[in-house]
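S.K.: One structure is given below, represented as C-alpha cells, and several questions about it will come after.
The values are calculated or read from the model by the stated rules, or taken from the named source; none is laboratory data. Quick caveat, the model's predicted, so the values are computed rather than measured. Cβ: placed from backbone, ideal geometry, glycine included. Neighbour counts: every protein chain shown.
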Ligand code: SF4
C-alpha cells in the first residue's frame, strides 16, 4: 500500500508562490530601474537639448551682435569713403553739370532721349537744327517721325529716337498741357523715357533730388568701390544710400566728367588721377 503524503505538494505550492513573488519583485525592480534609466535619459536629453538651444541662442546673439558691429563699421567706412570721393570731385569739377545743349525742360528732355547709347557731343551737333525747326512740344507733336529723321540721322538708333521724341511731344500736348512734368512717374510714362532720362530731367531741369546712372557713373562707382552692382538701379541705390540728397545731381555729373576727362574705359590715367590715393582700382 502506497501512502500518499501531501507535504511535498504544499512545499511545491509554497516554493511556486515564493518564486512568483521573487519574480514580481525582480520584474518590478527591473521595471523601476529601466523607468529610472529612461527618465534619466529623458532628463539628460532634455537638458542637453535645452543647453544646446541656449548655446545656439547665445552664439547667434553674439554672432548677430558682431555682424551688426561689423556692418556698422563697414557702413561708416563706406560713408567716409563716399564723402571723400565727393569732396575731391567738388575740388576737381566745381562747375560739373549736364553737358547736353538745352535751354528749357522740353529741349533737355528731347536731348536726353537722343543721348541714349550716343555721346553728348554727337547729340549737341544735331539739336540746334532740330530745335530751330521744332522749338516746342506743339511743333514736334504735329510732325511725323519720318520728317524728323533726317535732322537726327547722324546719331545712332535715329529712327527709334525720332519716334520717341515725337511720341513724347504728343504725350506732353495731350496729357500735360504742353509742359514737361517734374514727377518721375509722369516722366517715365513718356515714350523713350526710362529711369536715367527721368533722373537727368528731374535733377537738371527741376533741381530735384535724383541721381542718373549712365555707363560712366556705373563704371566709376565700381572702380572707386562705391558699388559692386552692374544693374544701374542697384548702383543708384548704393550711391543714394551714402550721399546726401543735395549731392545726388552733382555726384552724377561729376562722375561723368571724371569718366570723360581722366578715367576713360579704354585708358584710365591713374598716374594723374586726384582720386588715385583712395581708389581701390588704381593702377601703378
Ligand atoms: S585711380 Fe585710376 S581707376 Fe581709379 S578713378 Fe582714377 S583713373 Fe579711374
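Let's see how each residue does on (1) within 13 Å of the ligand (Cβ to nearest atom); (2) surrounded by fewer than 20 Cβ atoms within 10 Å (Cβ to Cβ); (3) in a helix (DSSP H, G or I); (4) touching a residue at least 60 places away in the same chain (Cβ under 8 Å):
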position: 236; (1), (2), (3), (4): no, no, yes, no
position: 248; (1), (2), (3), (4): no, no, yes, no
position: 252; (1), (2), (3), (4): no, no, yes, no
position: 266; (1), (2), (3), (4): yes, yes, no, no
position: 274; (1), (2), (3), (4): yes, yes, no, yes
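Listed here are the residues, each with its yes/no results for (1) part of a helix (DSSP H, G or I); (2) within 22 Å of residue 95 (Cβ to Cβ); (3) within 16 Å of the ligand (Cβ to nearest atom).
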site: 192; (1), (2), (3): no, no, no
site: 202; (1), (2), (3): yes, yes, no
site: 209; (1), (2), (3): no, yes, no
site: 227; (1), (2), (3): no, no, yes
site: 241; (1), (2), (3): yes, no, no
site: 260; (1), (2), (3): yes, yes, yes
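For every residue, the table says whether it meets (1) at positive phi; (2) touching a helix residue (DSSP H, G or I) at 6+ places or on another chain (Cβ under 6 Å); (3) surrounded by 15 or more Cβ atoms within 10 Å (Cβ to Cβ).
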| site | (1), (2), (3) |
| --- | --- |
| 127 | no, yes, yes |
| 139 | no, no, no |
| 146 | no, no, no |
| 173 | no, yes, yes |
| 179 | no, no, no |
| 186 | no, no, yes |
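S.K.: Condition (residue is in contact (Cβ under 8 Å) with a residue 24 or more places away in the chain, within 16 Å of the ligand (Cβ to nearest atom), in a helix (DSSP H, G or I) and touching a strand residue (DSSP E or B) at 6+ places or on another chain (Cβ under 7 Å)) applied to region 214-222: is it met by at least one residue?
M.R.: Within region 214-222, one or more residues are in contact (Cβ under 8 Å) with a residue 24 or more places away in the chain, within 16 Å of the ligand (Cβ to nearest atom), in a helix (DSSP H, G or I) and touching a strand residue (DSSP E or B) at 6+ places or on another chain (Cβ under 7 Å).
S.K.: Look at residue 232 and say whether it is more than 16 Å from the ligand (Cβ to nearest atom), at pLDDT 95 or above and either farther than 15 Å from residue 215 by Cβ or surrounded by 19 or more Cβ atoms within 10 Å (Cβ to Cβ) (or both).
M.R.: For residue 232, the condition - more than 16 Å from the ligand (Cβ to nearest atom), at pLDDT 95 or above and either farther than 15 Å from residue 215 by Cβ or surrounded by 19 or more Cβ atoms within 10 Å (Cβ to Cβ) (or both) - is met.
S.K.: Quick check on residue 284: is it more than 18 Å from residue 211 (Cα to Cα), at pLDDT below 95 and within 12 Å of the ligand (Cβ to nearest atom)?
M.R.: yes
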